[in-house]
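Novice: Attaching a single structure in structure tokens format; questions to follow.
The values are calculated or read from the model by the stated rules, or taken from the named source; none is laboratory data. Here the structure is a predicted model, which is why all the values come from computation and not from measurement. A quick note on method: Cβ atoms are made from the backbone with ideal geometry, for glycine too, and the neighbour counts reach across all protein chains shown. Each accessible area value is taken on the protein alone, full model and side chains, heavy atoms only, with ligands, DNA and RNA left out. Shrake-Rupley method; radii C 1.70, N 1.55, O 1.52, S 1.80 Å.
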Amino acid sequence: MENMPELPPGWKLTYDEVSNSVYEMRLTWERGPMVETKGTDFDGMLAWCVKSALDIEDLMRRRGLLP
């Protein structure tokens, strides 16, 4: 993994290689929400999970659910 993006605080990454070079990846927030994906592009999947996690946090801030 080159240039692995930093995980947002409070999020935990888990992944499993379910087939040869096929991964299931999950990013779970300590507050409950999670994002998950499956595919072969590990770095791309990780970047997508991190962006999705940040989008969830942003949405919750806009709705007044986070400071």
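Novice: If one takes the longest principal axis of the Cα atoms in the chain, at what angle in degrees, from 0 to 90 and to the nearest 10, does the Cα axis of helix 42-62 lie?
Specialist: Here the helix axis deviates by roughly 10 degrees.
Novice: Which three extents, in whole angstrom, do the alpha-carbon atoms of the chain cover along their principal axes, largest first?
Specialist: Its Cα atoms span 43, 23, 15 Å along the three principal axes.
Novice: Leaving out ligands and nucleic acids, note down the accessible area per residue over region 9-67 with a 1.4 angstrom probe, in whole Å².
Specialist: 67
Novice: Charges on Cβ only, +1 for Lys and Arg, -1 for Asp and Glu, centred on the Cα centroid of the chain; of Trp48, Tyr23, Gly64, which one is farthest towards the dipole's positive end?
Specialist: The Cα lying farthest towards the positive end belongs to Gly64.
Novice: Summing +1 for each Lys or Arg and -1 for each Asp or Glu, what net charge is found among the other residues whose Cβ lies under 15 Å from the Cβ of Glu30?
Specialist: Here the charged neighbours net out to +2.
Novice: For the chain, give the percent of accessible area contributed by carbon and sulfur heavy atoms, probe 1.4 Å, rounded to a whole number.
Specialist: 48
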